[in-house]
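Student: Right, I'll just put the structure down here and ask away after.
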Amino acid sequence: MRATELFMPTLREDPADAEAISHKLMVRGGFVRQFASGIYIMLPLGWRVMQRILGIIREEMTGIGANELSMPTLHTADVWQATGRYDAIGDEMFRLDDRGGRKMVLAMTHEEVFAWLASRELRSYRDLPKIWYQIQLKFRDEPRPKGGILRVREFVMKDSYSFDMDEAGLDKSYEKHIGAYDRIFERCGIEYLRVESDSGFMGGAQAHEYMAPSPAGEDRVAICTKCGYAANVELARSVAAQPAAPAASGSAPREVATPDQRTIAEVSKFLGVEPWGLIKSLLYIADEKPLLVLVRGDHELHENKLARHLKAAVRPAHPEEVLEYVGAEVGFVGPVGVAERRVRIVADETLRPEGPAGPREYAAGANKPHTHLMGVVPGRDFQAEWADLREAQAGDGCPDCGEPLAVDVVIEVGNIFKLGTKYTKPLNATVLDESGQERLIIMGSYGIGPARIAAAAVEQHADERGIVWPKAIAPFDIHLVHVQPKDELQSDVAGKLYDALKAEGWDVLWDDREERPGVKFADAELIGCPIRVTVGKKAGTGVVEVEPRGEGGREEVAVDECVAAVRRLWEAAL
RNA sequence: CGGGACGUGGCGCAGCCUGGUAGCGCACCUGCUUUGGGAGCAGGGGGCCGGCGGUUCGAAUCCGCCCGUCCCGACCA
């Protein structure tokens, strides 16, 4: 394509409201424009990248026998009411009424509609297994869109759904998706991890997320480089790294005055006790009842783990509630004596007294103003229920092999869930088995965010000049910079090269604009096509330049050898 | 939802504190020159200063409310 025919609005400066590298570069490079908060326009370059990614996805989905179809994005509320999600999901769902007053929603995801279709069309075990997928818009009224294209309110998703007779069939469909997904992310040229994840409100047994490491990400994963354990920190298990607190002495807890010492850091310093010798006591509200949550002082509570343990939504208590329920202000809360106030106590496993090291003693808040207790022994001075509540930290031991874990910041680019009958049951999606028995279909659901793949690719492959696209998903394969379009000789060479390169099957962007050379070079580096061919002043002597976008130098080649030189660079490109 | 910031030609910003009817760079249009790293000169077009209300002789500027956008946290298949 000729640049003079292409809508390619590049910007010299970073947009003021962009923070993430991918956001800045995709706006500057003329790939996307923001329409409203969390709602983006895909410009021609951005849309080409999307199509490349979708092409790879389609090939790999076809490869596992999946069928593409297209579902509505405007749903009647009834299917969502049937599965209970109409009420379970709050403001994140866009809701509207039709002219007759019927409740409608914009699709956040499509389990309901796929299960509805399955319930009407799949009748026999002979119809299974099936994998259906679509590439379709999703709408989510995110409380806080951010990171440009990373967290938005309307976005394209590839979502597929598997339908099987039994768990064994589901396992196979799940494995097929793992294979396809591994190949998709590999082919797209991004670095990724497959990690264990929380099945969240999707429900279901097993779930993994595909994560692309990037500082622009919003999730954290714990990974073990030795044995391969990898999990989202919202469920990652780990072995606390820091040493245990002192062994319990026989004496009862004693009060110490700690004027104005509220935080772990303050109390630790004031009492001369390391953070891991403290108990962090956090008052939460679950089901409108108070709940004291305990973790060791050097640990962080992960609220999802708490919520999962309780099977209830939780929120931190307000300061007034803390005062009301435990009788002390925030900073002086502790576990001793709160059970008598009918406050339930849940404590992290690390504090459990039955460990190999036996009971330990800690310092904790005394539930009295400006006072802490020392020598508090879990199990003796207070009782609690035990659960894994703490967030895995870098340096913790791997739960499987004990090696230190690393924690990476990542962008979620895909996920896979074993759903079971969570959606087929309420929508009554059944088939008859060999014996004529009605059986619920076992379902799985599998998503990929193509725009997030693009953003992750930019995050992972960019330099100070612009984007360095992996070759499989670049908007064009070759950027043909025609330095002097008015020069007839150059035009002749550029035109011939354009045809020759296209004839080899490459997509070529021919920059035939009347622009200064500097502008063209800068745009080429910003847009980031894998290979640049420059037709300039030496074209008269039959010489042009070829250059890969990443590291690697520029070389001069004869016009006749240009295609071969490009092919060599193309093979070497990521 | 809690905290913070911002809103002035298409883009990036100054002006606001100390009220007097809007400016800079880039982009855009015309002409000439220039042409291998975001050109030069000359001329030109474009802004109800986010909205509403208030104070004032007079508001981009002061006050109030609202809207929008971004960032941190919470939240989030």
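Student: Look at the range A:414-461 and say how many of its residues are more than 16 Å from RNA strand B (Cβ to nearest atom), out of contact with any helix residue (DSSP H, G or I) (no Cβ under 8 Å at 6 or more places or on another chain) and not in a loop (DSSP other than H, G, I, E, B). Before the answer, list the steps.
Tutor: Filtering the range A:414-461 down to residues more than 16 Å from RNA strand B (Cβ to nearest atom) leaves A:421, A:424-442, A:454, A:457, A:460-461.
Keeping just the survivors that are out of contact with any helix residue (DSSP H, G or I) (no Cβ under 8 Å at 6 or more places or on another chain) gives A:421, A:425, A:435-438, A:440, A:460-461.
Next cut, not in a loop (DSSP other than H, G, I, E, B) only: A:438, A:440, A:460.
Result for the range A:414-461: 3.
Student: Which of (1) surrounded by 17 or more Cβ atoms within 10 Å (Cβ to Cβ); (2) more than 12 Å from RNA strand B (Cβ to nearest atom); (3) over 18 Å from A:E5 (Cα atoms) is the odd one out, the single condition A:E525 does not satisfy?
Tutor: In the conditions (1) surrounded by 17 or more Cβ atoms within 10 Å (Cβ to Cβ); (2) more than 12 Å from RNA strand B (Cβ to nearest atom); (3) over 18 Å from A:E5 (Cα atoms), A:E525 misses (2) alone.
Student: In this structure, is A:I285 hydrophobic (A, V, I, L, M, F, W, C), within 15 Å of RNA strand B (Cβ to nearest atom), in a strand (DSSP E or B) and over 13 Å from the mean Cα position of the chain (by Cα)?
Tutor: Numbers: hydrophobic (A, V, I, L, M, F, W, C): yes; within 15 Å of RNA strand B (Cβ to nearest atom): yes; in a strand (DSSP E or B): yes; over 13 Å from the mean Cα position of the chain (by Cα): yes.
When the stated conditions are applied, A:I285 passes them.
Student: Out of the residues in the range A:214-257 meeting the condition of being touching a residue at least 40 places away in the same chain (Cβ under 8 Å), of a type in the set (S, T, N, Q) and crowded, with 21+ Cβ neighbours inside 10 Å, tell me which one is nearest to A:L389 (Cα to Cα).
Tutor: Within the range A:214-257, the first condition is being touching a residue at least 40 places away in the same chain (Cβ under 8 Å), and the residues that meet it are A:214-227, A:229, A:231, A:233-242, A:244-249, A:251-257.
Among the residues that remain, those that are also of a type in the set (S, T, N, Q) are: A:214, A:225, A:238, A:242, A:249, A:251.
From the residues that got through so far, the ones that are crowded, with 21+ Cβ neighbours inside 10 Å too are A:214, A:238.
Numbers: A:S214: 26, A:S238: 11 Å.
For the range A:214-257, the residue satisfying everything is A:S238.
Student: With the structure loaded, tell me whether A:A231 is in contact with a strand residue (DSSP E or B) (Cβ under 9 Å, 6 or more places away or on another chain), hydrophobic (A, V, I, L, M, F, W, C) and modelled with pLDDT under 90 or whether it fails that test.
Tutor: no
Student: Kindly indicate whether any position in the range A:266-280 is within 16 Å of RNA strand B (Cβ to nearest atom), closer than 26 Å to A:E459 by Cβ and modelled with pLDDT of 85 or more.
Tutor: Going residue by residue through the range A:266-280, those that are within 16 Å of RNA strand B (Cβ to nearest atom) are A:280.
Narrowing further to those that are closer than 26 Å to A:E459 by Cβ: none.
No - not one qualifying residue is present in the range A:266-280.
Student: Among the helices (runs of 4 or more DSSP H) confined wholly to the range A:26-105, which include 3 or more residues that are within 15 Å of RNA strand B (Cβ to nearest atom)?
Tutor: Working: elements: A:44-63, A:77-82, A:85-88.
Hits in the range A:26-105: A:44-63, A:85-88.
Student: Against the definition (away from RNA strand B (no atom under 13 Å from the Cβ) and either within 30 Å of A:L25 (Cβ to Cβ) or crowded, with 20+ Cβ neighbours inside 10 Å (or both)), how does A:L150 come out, yes or no? If you could, list the steps in order and put the result at the bottom.
Tutor: On the way: away from RNA strand B (no atom under 13 Å from the Cβ): no; either within 30 Å of A:L25 (Cβ to Cβ) or crowded, with 20+ Cβ neighbours inside 10 Å (or both): yes.
Taking the combined requirement at face value, the residue does not satisfy it.
Student: Taking the options A:M61, A:M71, A:M93, name whichever one is surrounded by 13 or more Cβ atoms within 10 Å (Cβ to Cβ), touching a residue at least 60 places away in the same chain (Cβ under 8 Å) and either touching a Lys or Arg at 6+ places or on another chain (Cβ under 9 Å) or β-branched (V, I, T) (or both). Don't jump to the end; show me each part of the working.
Tutor: Working: A:M71 fails: either touching a Lys or Arg at 6+ places or on another chain (Cβ under 9 Å) or β-branched (V, I, T) (or both); A:M93 fails: touching a residue at least 60 places away in the same chain (Cβ under 8 Å).
Step by step, each of A:M61, A:M71, A:M93 is checked, and only A:M61 is surrounded by 13 or more Cβ atoms within 10 Å (Cβ to Cβ), touching a residue at least 60 places away in the same chain (Cβ under 8 Å) and either touching a Lys or Arg at 6+ places or on another chain (Cβ under 9 Å) or β-branched (V, I, T) (or both).
Results for (1) touching a Lys or Arg at 6+ places or on another chain (Cβ under 6 Å); (2) surrounded by 24 or more Cβ atoms within 10 Å (Cβ to Cβ); (3) touching a residue at least 60 places away in the same chain (Cβ under 8 Å); (4) assigned by TED's automatic domain parsing to the domain that holds A:R360, shown as yes or no for each residue.
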position	(1), (2), (3), (4)
A:V377	no, no, yes, yes
A:Q393	no, no, yes, no
A:D400	no, no, yes, no
A:V413	yes, yes, yes, no
A:K425	no, no, no, no
A:D433	yes, no, yes, no
A:G436	no, no, no, no
A:L440	yes, no, no, no
A:S445	no, yes, yes, no
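Student: Hey, does the range A:183-193 have a residue that's on the phi > 0 side of the Ramachandran plot and in contact with a helix residue (DSSP H, G or I) (Cβ under 7 Å, 6 or more places away or on another chain)? Break it down stepwise before answering.
Tutor: First, the residues of the range A:183-193 that are on the phi > 0 side of the Ramachandran plot: A:189.
Of the ones still in play, those that are also in contact with a helix residue (DSSP H, G or I) (Cβ under 7 Å, 6 or more places away or on another chain) are A:189.
Checked against the condition, which is being on the phi > 0 side of the Ramachandran plot and in contact with a helix residue (DSSP H, G or I) (Cβ under 7 Å, 6 or more places away or on another chain), the range A:183-193 yields at least one hit.
Student: Need pairs with beta-carbon distance below 7 Å; first residue assigned by TED's automatic domain parsing to the domain that holds A:G536 and at pLDDT 95 or above and within the range A:487-507, second surrounded by 13 or more Cβ atoms within 10 Å (Cβ to Cβ) and charged (D, E, K, R); sequence gap 6+ or separate chains.
Tutor: Hits for this filter: A:W506/A:D477; A:D507/A:D477.
Student: Looking only at the range A:303-323, count every residue that is within 11 Å of RNA strand B (Cβ to nearest atom) and either closer than 12 Å to A:L292 by Cα or basic (K, R) (or both) and tell me the total.
Tutor: Going through the range A:303-323 one residue at a time, the tally reaches 6.
The values are calculated or read from the model by the stated rules, or taken from the named source; none is laboratory data. If you're wondering where the values come from, they're calculated on a predicted model, not measured in any experiment. Neighbour counts run over all protein chains shown; Cβ positions are idealised from the backbone, glycine included.
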